[in-house]
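What follows is one structure encoded as C-alpha cells, with my remarks underneath.
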C-alpha cells in the first residue's frame, strides 16, 4: 500500500514539475515562434536566445507589488485566480503520456491515475475553470473586467457543449471512457481517430481553441476592446496564476487531442514518451501559428458559429458514427 | 472641480457608460471615446479630443512663412510630406509663384510614396485592431524602405520638411533613382501578400463587411473626404477634380467602393497604394532637368554657388533667412488630397512676414466627427474596427 502511495506521489511531483517547466518554456516558444512569424527575433537578451527569459519573467512577477484595487470583493478576488489555475493542473491526472515501463521489478503506468471515467473527469474538472474567469470579472469592480468575464463565460459554456459532443464519436468507437483504453484502441495509424473521426477531430480542435481563449476566439481578453478582459485589475502572482492556467489549458487541450485522436504515445522507433510530446508540440505549434495568422471573431459571430454550425455538426457526427457502427 | 463639458449623461438607466481612452490600446494615440453601452451594443459614442493639443495653429502665427513648414510635419505625423506640400502650395498661391517642373515631379513622387507609407501604417494598425498582429509588423517592415528614402532626400525619417515655398529644399541626391526603382519593384508583391492575408480571409470579411456603414448622402453631409467618401462610391479625389502640382500629367484611376462599409474602405486604400505606385513610376521617368526651386528673389534662397561668388546673392540669402518675406495682403485657401482626405490650409496674410492666421482643415478631424453615426447600434467590437477604418492621427485632429 505504502509503495503505491509513494509511486503515485512521485508521479504527481514529476508531472507537476514537468508541466510547470513546459508552461514556462511554452511562453518562450510562443514568443519566439510569433517573433519569427512576424520577422522579429523575439527575446534574445536573457541567456542565449532568451532561454532564461521565462525565469526572469517569473521572478519579476513574484517581486511585483500585489495590488488589490478598492471596491473589490476581496475573498472572491483572491479566490478567482486559484480557481482558474488549479483545475487546469488537475486535468493532467488522467492523461497517459507513455506505455507501461518496468522499473525495479515493478510495472508502472505512465499516468497518474487510469480510472474508467477519465474523459468525464476531464470535462468535469475543466469546466470548473470558467468560474475563475467569471468571478474574476465580477469581483474586480471594473467595467472592462465585467464585460470580459461575461463574454468569457458565455463563450466557454457554449463551446463546452460542442466540445463534449465532438468526442462522443470516439467514445462510441472505443467503447471506453478510460484514456488508456482509448489510446490502446488506436494501435495502428489507420486506427487513429483523426482518420476514423475526421469531423469529430475538426470540431474538437475548433472548440479546444475556443475553450483556451486563443485567437481567433480570444474575445474575453481582446486587448483592443477590453484592455485585458477579466484580468485587467490583477497584478503580481495573481496575474501570473491566470497566465499559468491559460497555458496549462493549452497544453491540456493538446494532450487530450493527442490522446483521443492521434494515438497518444503510440508510434514506431522512438520511445512512447517522445512520441507523446512530439504530437503534443505539433498541436501547440498549431495554436501559435493560428495566433500569428488569423483575425479575431466578433462576439455574436462566435456564438452563432458555436451554436449554429458546430453543435449541429457535432450531433450529425454522432448520428453518422452510430449508423456506421450499427451497419 | 468638475468640468461640465465632459459630463455625459446616460440616455436611460439600463445603459453602462464605458470610457475608452485616452489610454487604451485601440484608440490610436490619445483619442478618448465615451461609449454608452446597452449590453455590448453601442448606444452612443462621443469622441473627446484635445489630449494631444500642441497649439500648432497658434504657433504658426509667430513664425515666418518658411519657419512654419517644420510645424506642419508634426500634424499628421505619418504623412509629413503631404502636410508640407499642402502648406507650400497654399503659400505659393498667396504669393502667386509656381515651382519649377522638376520640383513638381519630385513633389508628386514623394507625396505618393507618403500616401503608401500612411496607408501602411493604417493597414497595420487596423488589422492589429481586428487581431492580426502579424500584419502590423509586415506593414512596418515595408514602411522602413520608404522612410529610408525620405531620410535619403531630407535627412530625416519622419519630420522631413523637404519642400520649400517655391520648390524643394535641395536637389534630389544620388541614388534616388535606384532607391525608388527598388521600391516600385518590391511593393506590388508585398501588397499582394497583404491581400492574401486579409482580403479573402473569412473572418476578416465577417468583421468588415456590412460594418461601419455610412450612406453616400450622410457622408457628403458630414463633409467626409478621402477613402471613407470614396468607399461610399463618390468619385471625389482632389488630384483629379482639382489637380495641383501637375497631377493632370499623370495617368491613374481613383478606386471607389460601393457599400461604404469597412471592407470597401479597406479595398479603396489597398488599391490606392497600387495606383500610387503607378504615379511614382510615371513621375520617376518624367523628372525633367532644371532648377529644383523657383528663382524668386526675396522669397526663395538663391543657389548656393551664387552665394559664394556674388555679393547680391549673399545679401538676398541673408535677408531672406533673417527677415523672411512679406506676403501680399489677402487670404487664400488651398487643399490637397492627403492620404486621409482633403487637407486644406487657409492662410490670412496682413502683409507682414508672419501669417496672421493659419487654419487647417484636417481630414481626420472631420472624418472622426462621423464616428457616432458609424457605430451607434453596433457592437463594441465593431466600434474598434470602425475607429481603425477611419484612419485617424491625433496629431492632426488636435493640432
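No lab work stands behind these numbers, since they all come straight from the coordinates. Not measured: the values here are computed from a predicted model. So basically every Cβ, Gly included, is an ideal-geometry build from the backbone, and we count neighbours across all protein chains shown.
A few notes on this one:
- Reduced Cα scattering model of the range B:310-357, Debye log10 I(q)/I(0), q = 0.14, 0.26 Å⁻¹: -0.54, -0.87
- Binned Cα-Cα distance frequencies in the protein assembly as shown - 20 Å width, integer %: 15, 40, 29, 13, 3, 0
- Take each residue in B:130-139, count the other chain C-beta atoms within 10 Å of its C-beta, and the mean is 6.
- Over the range B:52-91: Rg over Rh, Cα atoms, Kirkwood Rh: 0.94
- Over chain B, volume per residue of the alpha carbon convex hull, in Å³: 142
- Axis of helix B:80-95 versus longest Cα principal axis of chain B: the two differ by about 50°, to the nearest ten degrees.
- Number of partner chain Cβ atoms within 10 Å, mean per residue of A:207-216: 1
- Selected from B:323, B:264, B:237 as most flexible by GNM, with chain B as the system and alpha-carbon contacts under 10 Å: B:323
- In chain A, helical runs assigned H by DSSP with n ≥ 4 each contribute -39500 (n - 2.57); averaged across all residues and rounded to the nearest 500, the mean residue ellipticity at 222 nm is -21000 deg cm²/dmol.
- Kirkwood-Stokes translational diffusion coefficient of the range A:90-134, alpha-carbon pairs, 10 °C, 1.306 mPa s, µm²/s: 132
- Crossing angle, helix B:133-154 versus chain B [Cα axis fit, 0-90 degrees, rounded to tens]: 10
- Shown here are the Rg and Dmax of the Cα trace of the range B:313-399, at 19.6, 65 Å.
- Taking a ≥ b ≥ c as the square roots of the eigenvalues of the Cα gyration tensor, the range B:187-243 is oblate, since a/c reaches 1.5 or more and a/b is not larger than b/c.
- The range B:64-212 - percent relative contact order, Cα under 8 Å, separation 6 or more: 26
- Helix B:311-323 vs. chain B, principal-axis angle (Cα, 0 to 90°, nearest 10): 30
- When restricted to Cα atoms, the range A:1-97 yields an Rg and a Dmax of 18.1, 56 Å, respectively.
- Normalised Debye scattering of the range B:93-196 at q = 0.18 Å⁻¹ gives log10 I(q)/I(0) of -0.89, counting only Cα atoms as equal scatterers and leaving out solvent.
- Sites residue B:67 and residue B:278, calculated FRET efficiency, Cβ-Cβ separation with R0 51 Å, nearest 0.05: 0.90
- Distance in nm between pseudo-label sites at residue A:59 and residue A:116 (7 Å out along the Cβ direction from Cα): 5.1
- Contact order for chain B, expressed relative to its length and based on alpha carbon pairs under 8 Å spaced 6+ residues apart, stands at 26 percent.
- Förster radius 30 Å - calculated FRET efficiency between residue A:39 and residue A:141 (Cβ-Cβ, nearest 0.05): 0.15
- GNM remark for chain A: springs join alpha carbons under 10 Å apart, and the peak mean-square fluctuation among A:128, A:163, A:284 falls on A:128.
- Contact order normalised by residue count of the range A:2-326, Cα under 8 Å, 6+ apart, percent: 23
- The Cα center of the range A:48-106 and the Cα center of the range B:189-227 differ in position by 42 Å.
- √(5λ) per eigenvalue of the Cα gyration tensor, the range A:141-202, largest first, Å: 35, 11, 9
- Cα-based convex hull, the range B:162-259, per residue volume (Å³, whole number): 160
- Exercise: per-residue mean of other protein chain Cβ atoms within 10 Å, B:203-212: 3
- Scaling against 2.2 N^0.38 Å puts the C-alpha radius of gyration of chain A at 1.02.
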